[in-house]
Amino acid sequence: MGFRGLFRRSVNQLVRHLGVEIVASHLLYDWQREPIYGSAWHDAPLPAGAEQYLRMDNAKLVELQQRYRRFDSAVSIPSLWSDEYVRPDDLLHFRGDNAWVWQLRGKNTNIVAYALTLYYLRSIDRLGLHDKLTEDEKFGNFTFTIGGRRVSRDLLDSIGEIYFLDRVGIATRPGLRVLDIGAGYGRLAHRMLAALPGIRTFLCTDAVALSTFVSDYYLRFRGLQERVRVVPLDQINEVLLQSPIDVALNIHSFSECRTEAIEWWAALLSKHQVPELMVVPNPGGGTGERLLTNDGQAFEPILERHGYRTVFKEPKFLDPVVQEYGLQPTWHHLLKLQ
């Protein structure tokens, strides 16, 4: 062993207990050499009018932020999503790697994980979603072309979530009525409405004014304004009085909330007798098998206090190898109102 090898071995013995190891650069793939630590986006042209509308000083956004600040502080005070959490460039490129969706950061966000996830989802694609759903690079979205198919985390996560709903007998119910809590920029509404023609009602809501503003814009951009309604936080109780819901979705949102906010949402769902709730937690310090906030607090007891019991849960990927190495592994949970 040469001097470099001996040096590397000696240093590794000193730092391995810190979770650090020196690896020779020629052993790394290109995607391992320059990891992403901050927000980024694909530099594609913006659609006409986007630059003028997606601005922090847009009057509609400012008015929404004011209304949210006046609303019930139990749900409106953020744990993570402050007004400063999103930069102006992130607002313009909201489908990039930023506050809404990490695409190049986090566990298994390399080209190998994207490919493994794509081929896994193709193997279970009984609804033909890979033919129904397409992808583009609009609004800074990072895409990867694999096997002649353009994919993104938006697309792959959405397909996986739809198939969980399919396995529990919800996705293809005629006249399905859906509420997406913490809808972000509206990516799952876009995908479900494109994939599942039987959906009767789809409501998107969010305790973050920026997300309400962006999802309203994005779903109109996708031409879905006749099939989906984006509901501001201060109107959600009134809307639910008029629009019964079959299933509520919470994808990576409760994990980013204060427990007081989760309590508020659980009480609202129970009050309106929403029978089923799908939750996808951030893995945090675990695997996603437990319902935990980002700071490690279990929130399943909160949901149970309001009548929601876990009836089914499974890994995001049923194949254990894909669950280990696939794109951003976690667990999918279904709870029912008892």
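The values are calculated or read from the model by the stated rules, or taken from the named source; none is laboratory data. What you see is a predicted model; the values in this text were computed from it and never measured. A quick note on method: Cβ atoms are made from the backbone with ideal geometry, for glycine too, and the neighbour counts reach across all protein chains shown. These area figures cover heavy atoms from the full protein model, side chains too; ligands, DNA and RNA do not enter into them. Shrake-Rupley method; radii C 1.70, N 1.55, O 1.52, S 1.80 Å.
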Worksheet item: With point charges of +1 on the Cβ of Lys and Arg and -1 on the Cβ of Asp and Glu, referenced to the Cα centre of the chain, which listed residue (Asn141, Val231, Val214) lies farthest in the positive direction of the dipole?
Response: Asn141
Discussion item. Compute the distance from the alpha-carbon center of segment 47-70 to that of segment 161-196, in whole Å.
Written reply: 27 Å
Fill in: For Leu292, net neighbour charge (Lys/Arg +1, Asp/Glu -1) across residues whose Cβ lies under 15 Å away
-2
Fill in: Cβ-based net charge around Val279, under 14 Å, with every Lys or Arg adding one and every Asp or Glu removing one
-3
Worksheet entry | Listed residues Arg67, Arg229, Arg153, most fluctuating in the chain (Gaussian network, C-alpha, under 10 Å) | Arg67
Worksheet item: So how do Arg87, Arg200, Arg222 rank on accessible area, 1.4 Å probe, biggest first, that is with the largest at the start?
Response: Arg200, Arg87, Arg222
Worksheet, complete the sentence: Total charge of the residues flanking Pro45 in space, meaning their Cβ is under 12 Å from its Cβ, with Lys and Arg +1 and Asp and Glu -1, is -3
Practice prompt. Measure nothing fancy, just the Cα-based angle from helix 259-271's long axis to the longest principal axis of the chain, in degrees from 0 to 90, nearest 10.
Written response: 40 degrees
Item to complete: Loop only per DSSP, at most 10 neighbouring Cβ atoms within 10 Å: give me the GluC sites (Glu not before Pro) in segment 214-279, ordered by residue number.
Response: Glu226
Worksheet item: What is the gain in length, in nm to one decimal, between Glu260 and Glu289 on full extension, counting 0.36 nm per residue of separation less the C-alpha to C-alpha distance?
Response: 8.3 nm
Response to the item:
Length-normalised contact order of the chain, Cα under 8 Å, at least 6 apart, in percent, tallies to 16 percent
Worksheet item: Near the amide H of Cys204, under 5 Å away, which other amide H atoms are found, from residues 5 or more places off or on another chain, if H is placed in the peptide plane?
Response: Asp180, Arg229, Val230, Val231
Worksheet entry | Over segment 36-111, relative contact order from alpha-carbon pairs under 8 Å, at least 6 apart, % | 44 percent
Worksheet item: For the chain, what is the convex hull volume of the alpha-carbon atoms per residue, in Å³?
Response: 156 Å³
Fill in: Most to least accessible of Lys271, Lys336, Lys107 (protein chains only, probe 1.4 Å)
Lys271, Lys107, Lys336
Worksheet entry | Spatial separation of Cα centroids for segment 85-106 and segment 200-216, in angstrom | 17 Å
Worksheet, complete the sentence: As a percent rounded to 5, the proportion of antiparallel DSSP bridges among beta bridges in segment 214-338 is 70 percent
Worksheet, complete the sentence: On the formula 1/(1 + (r/R0)^6), with r taken between the Cβ atoms of Val112 and Gln52 and R0 of 35 Å, the FRET efficiency rounded to 0.05 is 0.30
Worksheet, complete the sentence: Expressed in angstrom and rounded, the centroid-to-centroid distance over alpha carbons for segment 229-295 and segment 110-156 is 27 Å
Response to the item:
Projected onto the charge dipole of the chain (unit charges on the beta-carbon of Lys, Arg, Asp and Glu, signs +1, +1, -1, -1), the Cα from Phe164, Leu203, Tyr85 with the largest positive-side position is that of Phe164
Worksheet entry | Links that overshoot a 27 Å alpha carbon limit, given the list Lys60/Lys316; Lys60/Lys336; Lys107/Lys138 | Lys60/Lys316; Lys60/Lys336
Practice prompt. Find which of Met192, Ala99, Ser123 sits farthest along the positive direction of the dipole of the chain, computed with +1 on the beta-carbon of Lys and Arg, -1 on that of Asp and Glu, about the Cα centre.
Written response: Ser123
Worksheet item: For the chain, what proportion of DSSP beta bridges, expressed in % and rounded to the nearest 5, is antiparallel?
Response: 50 percent
Practice prompt. Grab the DSSP H runs of the chain that are 4 residues or longer, score each as -39,500 (n - 2.57), total them, divide by all residues and round the 222 nm result to the nearest 500 deg cm²/dmol.
Written response: -10500 deg cm²/dmol
Worksheet item: With charges set only on the Cβ (+1 for Lys and Arg, -1 for Asp and Glu), what does the dipole of the chain come to about its Cα centre, in debye to the nearest 20?
Response: 560 debye
